[in-house]
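Bear in mind that the values in this text are calculations on the coordinates, not laboratory data. A quick note: this is a predicted structure, and the numbers were derived from the prediction, not measured. So basically every Cβ, Gly included, is an ideal-geometry build from the backbone, and we count neighbours across all protein chains shown.
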4 protein chains.
Amino acid sequence: MNRFGERFTMTTFGESHGKAIGCVLDGVPAGLAIDETFIQSELDRRKPGQNEFATARKEEDKVEILSGVFEGLSTGTPITLVIYNTDQKSGDYTNVKDIFRPGHADFTYFHKYGLRDYRGGGRSSARETAARVAGGAVAKLMLRSLGIEFASGISAIHGIVAQNLDFNYPKNSPIYALDPSVEEAQKAAILEAKNAHDSVGGVATLKISGLPMGLGQGLYYKLDAVLAEAMMGINAVKAVEIGEGIHSAELRASQNNDPITPHGFKSNHAGGILGGMSNGDDVILRVHFKPTPSIFIDQESTNTHNESVSVSLKGRHDPCVAVRGSVVAESMAALVIADMILLNMGSTMSGIKGYYL
Amino acid sequence: MNRFGERFTMTTFGESHGKAIGCVLDGVPAGLAIDETFIQSELDRRKPGQNEFATARKEEDKVEILSGVFEGLSTGTPITLVIYNTDQKSGDYTNVKDIFRPGHADFTYFHKYGLRDYRGGGRSSARETAARVAGGAVAKLMLRSLGIEFASGISAIHGIVAQNLDFNYPKNSPIYALDPSVEEAQKAAILEAKNAHDSVGGVATLKISGLPMGLGQGLYYKLDAVLAEAMMGINAVKAVEIGEGIHSAELRASQNNDPITPHGFKSNHAGGILGGMSNGDDVILRVHFKPTPSIFIDQESTNTHNESVSVSLKGRHDPCVAVRGSVVAESMAALVIADMILLNMGSTMSGIKGYYL
Amino acid sequence: MNRFGERFTMTTFGESHGKAIGCVLDGVPAGLAIDETFIQSELDRRKPGQNEFATARKEEDKVEILSGVFEGLSTGTPITLVIYNTDQKSGDYTNVKDIFRPGHADFTYFHKYGLRDYRGGGRSSARETAARVAGGAVAKLMLRSLGIEFASGISAIHGIVAQNLDFNYPKNSPIYALDPSVEEAQKAAILEAKNAHDSVGGVATLKISGLPMGLGQGLYYKLDAVLAEAMMGINAVKAVEIGEGIHSAELRASQNNDPITPHGFKSNHAGGILGGMSNGDDVILRVHFKPTPSIFIDQESTNTHNESVSVSLKGRHDPCVAVRGSVVAESMAALVIADMILLNMGSTMSGIKGYYL
Amino acid sequence: MNRFGERFTMTTFGESHGKAIGCVLDGVPAGLAIDETFIQSELDRRKPGQNEFATARKEEDKVEILSGVFEGLSTGTPITLVIYNTDQKSGDYTNVKDIFRPGHADFTYFHKYGLRDYRGGGRSSARETAARVAGGAVAKLMLRSLGIEFASGISAIHGIVAQNLDFNYPKNSPIYALDPSVEEAQKAAILEAKNAHDSVGGVATLKISGLPMGLGQGLYYKLDAVLAEAMMGINAVKAVEIGEGIHSAELRASQNNDPITPHGFKSNHAGGILGGMSNGDDVILRVHFKPTPSIFIDQESTNTHNESVSVSLKGRHDPCVAVRGSVVAESMAALVIADMILLNMGSTMSGIKGYYL
């Protein structure tokens, strides 16, 4: 099941070291100006090889549109976006062909499917997330015209936590830091881990603003539930919080409830969602990434014959997957919201009559 | 969208103060012994009105099977479970008919649908979760015969955190505590909040054991992602963690990776899931519930005419929704696993040939 | 898989001789006046036991609303409609407990599920179609307010074919005949078969008028394809035609193409659908029903031990299932259109902006 | 909605005159040998430009695998098949840029989406069916290893109907005729129409053999219903019959019921399906295609400004779309069966236990 969404849907395909990765977007409304430059700029934000905080793999990540766009506009038919793999070095993986890398999907894919594409993790590689970013960019184009905007950045690295979040700052920071006052310490933590042939975890914070009220569908396609699914499904994510998140479980309701005024909510512990639906306030998400499992320290593992082995990885890997992961999280959030925007149409008879009559 | 799951699916219906709540289970395999006593015992674990730590609303929560079972066995056709509402007191809600209760779904439902069933929150009431527990019980019956078991309990209340988890203890505890050494402090925190006409948040921890390897479908129906969706979709949940969870974002990979041995994993920071698939180890989830928003302290709010009002709630409410919520979380987890068990069949040609030839 | 539709969805449940049959409608927009009298009147059109042309089974088919309606209006939450079984005579089926009735689902259900509810066909009974009619009635209520209307009747019985279709006539005919000039011959064909302990096949013709242009979604949820699925899925249906249907395969394009004028199409060979989408003209369907397989003549069959047996059926059965089947076909068509109406919203950016901005 | 299937799914993309058409297959089991030569041979059966009975458009229709296959085997991940368009002549369509071609999707696409890709019908072109054939070929590879085979051919052209069907003959016939005794007359009918700048309709008959009993899911994913959807969704199809089809509506049950013996059914009026499930007998389908709407005779139509125009088409078109359509029908049938094979797993507890324990 490689499709995401119900109405604005994305199906991704491709492996780390295959010919290409990409996605088919089905459900994009007709008449949307498809700004390729914007899609490419989103891919560039996620692109590896840009500085010392990311993997040295140098993928151009050039997007090509195969279908669904005519004379610059979406036609209502499936939009296919393809990114050809250009810098794959499959040779790096020959030595782990039969070995399970700790913390990786190798073990589970092999046991599920009876075989695996061992080159760079194959389909389970974070490289697939480039397709998500391309797809998310189209969702953002649609949502921008409705006044809905997305922002994200890094709020914590290895336990070094941002105190004040400035969503304008990440574009100036190589680690997409949200708080300049801790940026240097966060950078240092990444480089120390890298120099120790190790990696570190981190936290991304997202903000979605401009949402209409009422997004979220019934009890099993709630806005918060689907956002949680979208985030937890990103490689390396181990926890998701909405609004006050884990802290809310330590509070009393008199502290956690957001008073309502004729001009809006007085606080936003809810993170913009009540009863699984947007309440018009900013949606706030925190997404926790584990440290990149690929490290260059000897590790204890097994091979496909269930024999003990010592794994010594080669290759090129991010010392902190959360950094580029924040861009992926933003893209997935955009896909969720675009889907919810379409699903929400038809909630009321008056809305339907207004549309048709 | 009131359906959960892809192959083992549950569609729930009903409102807090309507005639009934219930669910239709579609996809239950034929030939499963449907043990009504077990289903009822699961509902009894969630049932309100049993002690001072829960709401005084006294629902019998008696389940009735309307379809899908013949001579004690599932027939492969939809199983309908109905629970009639017997103790609803709609009158309690007349005073909040036009008012939005802070922290509740009233505001969003009204703005989405243009009207709302104000009696006890209508469809958004936690009462609907009884249908989930009934449905989850059938999933458990199926999974038990495959050796898959579920356990849960309360690991934290109002910041008082369990140190050692004993999954056998909750059945002896009125607050389903996992750690007897902090149980009394947790109880006290609940009662203090209750006496202050307030409520507290809490955390449930779940353990799923006996899973085969490889559950989880591709990149957009990963086991962890769907569990996160299932948990975040439960009323009042604001954060979900898997395995090491938020802590993993503070670690290095050398600390967080689980070494693999021929006899299994040496540790379980992964929480039993790698690459979105079960790795054969226990799946561990932590589910964070906000404090019950219904409190008996005056709160600032608005009404349907967007005028300022002071809300003074009446009615009967749980002082800590996490307690009974832990049973709901367990039920949702069972539904996820049952679905994944069915979806996983057909992953390999050898499995298909074994089934048909 | 007992759910129909993507956005306006119906999940049905129940067996012929169980406690009840019914459906859950998920996706009904809020604010629709739910006219119970109309729903009941639709059920009455399908109800058995009304005259000599239908089975003598006397079901009251009284619908009860369990959820989703508050103060007469839909609330946007699932609407559950239940019909309790009152006249089931399970004893009639004891003699066929282990026997496969020719032309029935007994054989396939037993081999799929390893067991079967033999009472009246269990879930495979045409009794389940009462739930479809109840659900379709709600769809009709929604569509009527958009100016979309449905009509149907019997165009052929046992090869006696209507020449001129009068969609106002069926309500006056006990066999829902569309052509008064052949009605008596069609009635005679039914009664002759009945007197011979046999049954006959027939054809229903449907007309859907008032459709907006453009209903139908992409290439795999085309309007004609989904209508075909809906019709072929009705018990006993063996063929479906749209517009000119089988006749179109005998024509040249110069005969079959419908010329377009500024005031509409000059002819309607297309049956109101081009490229899988409604073109604004009436949609015309012909649905072919085989003769009711339950007959009272000795037939050659086998039992669950694969032994030869002679089947001698008892019970009460329609001598021509097409008659009441036409009402079911109309109901299924209404469900398809309601779904398409919702899905079509969001096809264009201009439509979305009009809805939200 | 450009996805077909529930578990073995195909999402197609691309337009007649865009860069490429193709499909993503999601749900293909791992370990299937992907025989590219076979896939190409299937495409060659559908390929245009091979003789005087088909369009002169010369597409090479060379398939390329972009993902999902490693070392010759499916890996359980999405398989992407792409066919680049090489012989598109967009210039042929400049004169119909603003004109609606009678019998085509131009009218409905324009009114649904507010714009259209007018080059060769864009997405609505029968060219998209090449992607279906590529996808269907993979389904056939899977099913062949389970002993399930597909055959098809032309049973009627312009009312000239085959009397005896020989499913081995079509491979020797340029019009895929099933009955050599009428082949020449059928050919003549096509060429006469072609010479008159017109086109003719035709009928394809399909046979699926080797099916296990019990394929088909519940009441709303019945085998016959989904086959009907699959067939009616093919360009130009206007009617679908199963087994005895329209003829069954003219019979009595004593004629139409198939007697059951310990060695199988005595006849096959049912067309291999009872109660929406396969009964182990051959599944027989008849698919009725209207004449290709593109003809070179002046026709009455309108343009996008709703003005009367006379359409005079240019370009290259099939004089009888049923011929190549029969290959598409076979491919769609294979996709349906592959899906049903996967869905059927997990129908019984004993099957599940056999799979896992």
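Worth pointing out:
- Here is the list for region C:271-341: GluC sites (Glu not before Pro) lying in DSSP coil, each with at most 13 other C-beta atoms within 10 angstrom of its C-beta, are C:Glu307.
- Calculated FRET value between A:Lys353 and B:Gln40, using beta carbons and R₀ = 45 Å, to 0.05: 0.50
- Under the span-like rule (Cα at least 27 Å along the axis, Kyte-Doolittle mean at least 1.0), DSSP H helices of chain B: B:321-344
- Relative to the Cα centre, the charge distribution of chain A, modelled as +1 at Lys and Arg Cβ and -1 at Asp and Glu Cβ, gives a dipole magnitude of about 440 debye.
- Chain D residue nearest by beta-carbon to the axis mapping D to B, with distance in Å: D:Met345, 2.
- In this structure the amide hydrogen of B:Phe70, modeled in the peptide plane, comes within under 5 Å of the amide hydrogens of B:Thr75, none closer than 5 places in sequence on its chain.
- Rg over Rh for region A:1-125 works out to 1.03, using Cα positions for both radii and the Kirkwood form for Rh.
- Summed side-chain charge close to C:Gly72 - residues other than C:Gly72 whose Cβ falls under 13 Å, Lys, Arg +1, Asp, Glu -1: -4
- Taking amide H as placed 1.01 Å from N in the peptide plane, the amide H of D:Thr261 sits under 5 Å from that of D:Lys266, each at least 5 places away or on another chain.
- Counting neighbouring Cβ atoms within 10 Å and putting the fewest first, the residues D:Ile175, A:Ile242 line up as D:Ile175, A:Ile242.
- If you bin all the Cα-Cα distances of region D:132-287 at 10 Å, starting from zero, the percentages per bin are 10, 33, 37, 16, 3, 0.
- With neighbours defined as other Cβ atoms within 10 Å of a residue's Cβ, the residues D:Cys23, D:Cys320 order from fewest to most as D:Cys320, D:Cys23.
- Cα centroid separation, region A:103-145 to region C:48-97 (Å): 48 Å
- Label-point spacing at C:Asn172 relative to the other copies reads 6.0, 8.1, 8.4 nm, in ascending order, each point sitting 7 Å out from Cα along Cα→Cβ.
- At 7 Å out from Cα toward Cβ: A:Glu71 inter-copy label distances (nm, ascending): 5.0, 5.1, 6.8
- Across the options B:Leu115, B:Leu178, B:Thr80, the greatest Cα extent toward the positive end of the charge dipole of region B:22-180 (unit charges at beta carbon of Lys, Arg, Asp, Glu) belongs to B:Leu115.
- Each principal axis of the Cα cloud of region D:241-299 was evaluated for its coordinate range; sorted largest first, these ranges are 60, 23, 17 Å.
- Of the GluC sites (Glu not before Pro) found in region B:8-104, the ones in coil according to DSSP and having at most 16 other Cβ atoms within 10 Å of their Cβ are B:Glu52, B:Glu60, B:Glu71.
- Estimated dipole of region C:191-268 in Debye, rounded to 20 [Cβ of Lys and Arg +1, of Asp and Glu -1, Cα centre]: 160 debye
- Qualifying lysines (Cα of each under 21 Å from Cα of B:Lys19; at least 8 residues distant if same chain): B:Lys47, B:Lys58, B:Lys62, B:Lys89, B:Lys97, C:Lys19, C:Lys62
- Charged side chains reduced to their Cβ positions (Lys and Arg at +1, Asp and Glu at -1) give region C:24-70 a dipole of some 160 debye around its Cα centre.
- The distance from the alpha carbon centre of region A:191-217 to that of region B:183-234 is 22 Å, rounded to a whole number.
- Global dimensions of chain C from alpha-carbon coordinates: Rg and Dmax equal 21.0, 70 Å.
- Distances between copies at B:Ile297, taken between label points 7 Å from Cα along the C-beta direction, are 4.6, 8.1, 8.3 nm in increasing order.
- Distant-in-sequence amide contacts of B:Leu274, defined by a placed amide H-H separation under 5 Å and a gap of 5 or more residues or a different chain, comprise B:Asn279.
- Calculated P(r) tail over 18 Å for region C:152-203, as whole % of Cα pairs: 22 percent
- Ordering D:Ser173, D:Ser308 by the number of other Cβ atoms within 10 Å of each residue's own Cβ, fewest first, gives D:Ser308, D:Ser173.
- Structural size metrics of the protein assembly as shown, computed from C-alpha coordinates, are Rg and Dmax of 30.9, 93 Å.
- Placing unit charges on the Cβ atoms of the charged side chains and taking the dipole of region D:1-104 about its Cα centre, the candidate lying farthest along the positive direction among D:Gly18, D:Ile39, D:Ile99 is D:Ile99.
- Sites C:Glu192 and C:Gln50 - FRET efficiency at Förster radius 30 Å, r taken between beta-carbons, to 0.05: 0.90
- Each listed q (0.27 Å⁻¹) maps to a log10 I(q)/I(0) for region D:45-115, found by the Debye formula over equal Cα scatterers with no solvent: -1.12.
- Spatial separation of Cα centroids for region A:241-278 and region D:269-300, in angstrom: 57 Å
- In Hz, Karplus ³J(HN,Hα) per residue of region D:154-161 (6.51, -1.76, 1.60; θ = phi - 60°; x = Gly, Pro): 9, 9, 8, 9, 6, x, 8, 9
- Across the alpha-carbon set of region A:125-223, the Rg to Rh ratio works out to 1.05, Rh being the Kirkwood radius.
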